[in-house]
Amino acid sequence: MVKNILVIRNDRFGEFLLNIPAMRALKERYPQARLSLAVNFVVFELAGAVECVDEVLVWDEVKGNLRKYKFDLCVVLNPTKEAHQSIFLAGIPVRVGYDRKWGILLTHKLEDTKYLGNRHEVDCNLELVGLLGAKNKEIVSSGLRLPRNDEYEFLVGAIAIHPFTSDLVKQWPVERFKELAQRITQEMKAKVVFVGRDETWGQSPSGTVPDLAAFGVIDLINKTSLAELAVLLKRCSLLVSGDSGPMHLAAAVGTPVAALFRNDLPGKTARRWGPWGKGHTVIEKASLADISVEEVLEVAKKIIN
């Protein structure tokens, strides 16, 4: 009988969020089992909000001492040699994952074809836990317990903009985000709030972050934790973003997304990485430079109306 389950997803929070349906499917398959989740420390607080998870562990703190937890089953959602070796040495009887990076150490394995980009990441994750008979075909990937927080009530109905990306090849020009914000405030008469972290904006061709307050935009860049960002996005009527973690977070809390994607990068298109669920719109072209402010503005108007 399966009593203790470990799920490992110890990378960035956007990828982590796309595993919630798979985690929920596991919990439904083994309703009496305790489900523990091992994550990157940056994701720890947000991971604690996942409804189907009973315990959150920081991977780097537990990877060398998994045996004491007496797990019956482990699913490795992002394959690494370290994870496969650790769960093998811990003596976990059932070890599930992708057949790569020492996949020989697993008892149940699936060929990793994600790089083909022919289906969504959520479907890939569900296929993996399907090896155990776990199934969950819900469209919405929500399942977060958001903390009570009235701090962002003033943003109800606002349009959020996340202008950053962890990969510069997926960066829409900075000046277009600025122009979009100006036109939203002028033409749609809506509040606009910029969110996220600016680690990569300074590396973009347009340089540094513009003075947002100068044209009436609320600037919350670098001012929220991931859990706070979830609460903030829940209050908003729309998020405009490139391929990013906040895009997936907005989708997870039920906020519509206008997502800007390239379609010329195999394995990185919206077909695999687009916002999961209903009510979202993807604007996808071979070059992000071909996506105009006018185009994004019209999508925003359509979603809001």
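The values are calculated or read from the model by the stated rules, or taken from the named source; none is laboratory data. Predicted, not measured: the structure shown is a model, and the values here were computed from it. When we count neighbours, we look across all protein chains shown, and the Cβ atoms used for this are built from the backbone with ideal geometry, even at glycine.
Among the residues of the stretch 144-171, just one is under 19 Å from the mean Cα position of the chain (by Cα) and of a type in the set (F, W, Y), namely F164.
If you go through the stretch 101-126 and keep only what is part of a loop (DSSP other than H, G, I, E, B) and farther than 26 Å from D264 by Cα, you end up with K101, W102, L106, T107. Looking only at residues in the stretch 259-281 that are surrounded by 18 or more Cβ atoms within 10 Å (Cβ to Cβ) and aliphatic (A, V, I, L, M), the one that is nearest to R119 (Cα to Cα) is A270. No other residue among T165, T185 is of a type in the set (S, T, Y), touching a helix residue (DSSP H, G or I) at 6+ places or on another chain (Cβ under 8 Å) and not in a strand (DSSP E or B) apart from T185. When A160, A213, A134 are checked against the criterion of being among the hydrophobic types (A, V, I, L, M, F, W, C) and modelled with pLDDT of 95 or more, A160 stands alone in meeting it.
Looking across the stretch 214-229, the residues that are over 23 Å from V296 (Cα atoms) and in contact with a Leu (Cβ under 7 Å, 6 or more places away or on another chain) come down to T224, L226, A227. Checking each residue in the stretch 230-261 for being under 16 Å from K301 (Cβ atoms) and either at pLDDT below 95 or in a loop (DSSP other than H, G, I, E, B) (or both) picks out C236, S237, P256.
Per the conditions (1) part of a helix (DSSP H, G or I); (2) modelled with pLDDT of 95 or more, the sole criterion not satisfied by A227 is (2).
Each row is one residue, and each column tells you yes or no for (1) of a type in the set (A, V, I, L, M); (2) within 28 Å of I8 (Cα to Cα); (3) in the same structural domain as A227 (by TED's automatic domain parsing).
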{"position": "N125", "(1), (2), (3)": "no, yes, no"}
{"position": "I159", "(1), (2), (3)": "yes, no, yes"}
{"position": "F164", "(1), (2), (3)": "no, yes, yes"}
{"position": "K170", "(1), (2), (3)": "no, yes, yes"}
{"position": "V174", "(1), (2), (3)": "yes, no, yes"}
{"position": "E179", "(1), (2), (3)": "no, no, yes"}
{"position": "Q186", "(1), (2), (3)": "no, no, yes"}
{"position": "A190", "(1), (2), (3)": "yes, no, yes"}
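Need the failing condition index for D264 against (1) touching a residue at least 24 places away in the same chain (Cβ under 8 Å); (2) part of a loop (DSSP other than H, G, I, E, B), just the number. All conditions are met except number (1). With the structure loaded, tell me whether A134 is farther than 15 Å from L18 by Cβ and outside any loop (DSSP other than H, G, I, E, B) or whether it fails that test. Judged against the criteria, A134 is not a match. Taking the stretch 217-232 as the range and being aliphatic (A, V, I, L, M) and farther than 23 Å from E175 by Cα as the test, the residues that pass are L226, A227, L229, A230, V231, L232.
Can you tell me which residues in the stretch 155-193 are more than 20 Å from A286 (Cβ to Cβ) and hydroxyl-bearing (S, T, Y)? Listed by number, the residues that qualify are S166, T185.
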